[in-house]
1. Once you have the Cα-Cα distance between residue 230 and residue 4, take 0.36 nm times their residue separation minus that, and quote the gain in nm to one decimal.
2. Need the full-extension length gain, residue 146 to residue 274, defined as separation in residues times 0.36 nm minus the C-alpha distance. One decimal, nm.
3. How would the range 199-273 be classified by its alpha-carbon gyration tensor: rounded, prolate or oblate, with rounded meaning a/c under 1.5 and the a/b versus b/c comparison settling the rest?
4. Which three lengths, in whole Å and largest first, does the range 153-302 cover when its Cα atoms are put on their principal axes?
5. Which FRET efficiency, nearest 0.05, do residue 175 and residue 295 yield, Cβ-Cβ r, R0 45 Å?
6. Which of the peptides 20-31, 174-185, 200-211 is most tightly packed, and how do the rest follow, going by the mean number of other Cβ atoms within 10 Å of each residue?
7. What percent do you get for the relative contact order of the range 3-300 when only Cα pairs under 8 Å and 6+ apart count?
8. On a C-alpha basis, how far is the centre of the range 183-261 from the centre of the range 80-113 in Å? Whole number, if you could?
C-alpha cells in the first residue's frame, strides 16, 4: 500500500479510537477537523485546473475561463430552478470523478468497462455514505426549508438498491479483470481491501468525519501527487514549493469566497441555508473540475 493508503487507514483507526474513548465528539469539533483537512488538501486539489488543462490544450486563457465559468453559471441557474435534478447530477458526477481518480493508474482497454467501473465504484461509495449515515443526513436536510426539497435524492430504499447493484457491478468487473490477468493479484486485493475499508469508514464514523477522511486522503492527496508528478515532467525544475505557490492563489480565493458566502447566509443577506449553499458551491465547482480531470486522466497519464 502507498503512504496515502496508510494515512487513510491511520486516520480511520485513530478517529474510531477517539470516538470509542470519548463516546461522542461535538459537531463543532468535527466541523473544525473537516474544515482544516479540506482547506489543506480538498480545495487545493482543484486549484490548478487552469494550469493542468492548458498543458495539453492550445486554447487561450480566455477560452478556458469562458468555458470554466460558463459551466459554473449554467449549473447555478439549473440549481435555482431544478434543485433535485441538480443534486442527482452532482452525486452522479462526483461518483464518476471519485472512481476515475481511484483507478487512474489501472489500464483498462475497453472504454465501456472503464467508465462502468468508475461510475459503479463511485456510486457504491456515495450510496454507502448515505445508507450508513441516513439519520444524520435526514436531520441535516430536514432542518432547512430549502434543503427539504433535496430529500428525494437521499431516499433510503433507492440508495440501498444503488448500493447493492453498484457494489455487485464493481466487484464483478474487478474479478473479471483479475481472471483475464488485466490486473495483478496485488492490485486486485488492494482495491478490494480499500473498497471495504472506505465503506467501513463511513459505517463506523460520523458523516462529516468519515467523508472528510476519505475525500482528503484517498482522493485529494492522491490527485495532488498525480498533478505534481505530471507537472514535474513538463517543468523539470519544478519544486514542491513552486507547486504550492501555484496552488495557493485559487485555494485562498475559494476559501475566502466560500467563507464570505457562509457569513452572508448566517446574517440573512443570502436567502439560502448554509447547507444548501455548500451543496451548490461544491457542485458548481465539481462540474468543470471533473471535465478538466477527465481530460487529464484520459490524455495526460497514458
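Coordinate-derived values only; no laboratory data. These numbers were taken from a predicted model, which means no experiment stands behind them. Don't worry about glycine lacking a Cβ; one is built from the backbone with ideal geometry, like all the others, and counts go over all protein chains shown.
1. Answer, rounded to one decimal: 79.6 nm.
2. In short, 45.1 nm is gained.
3. Numbers: a/c = 4.34, a/b = 1.35, b/c = 3.23.
In terms of gyration-tensor shape, oblate.
4. 58, 52, 26
5. 0.90
6. 200-211, 174-185, 20-31
7. 34
8. Each part's Cα centre sits 16 Å from the other's.
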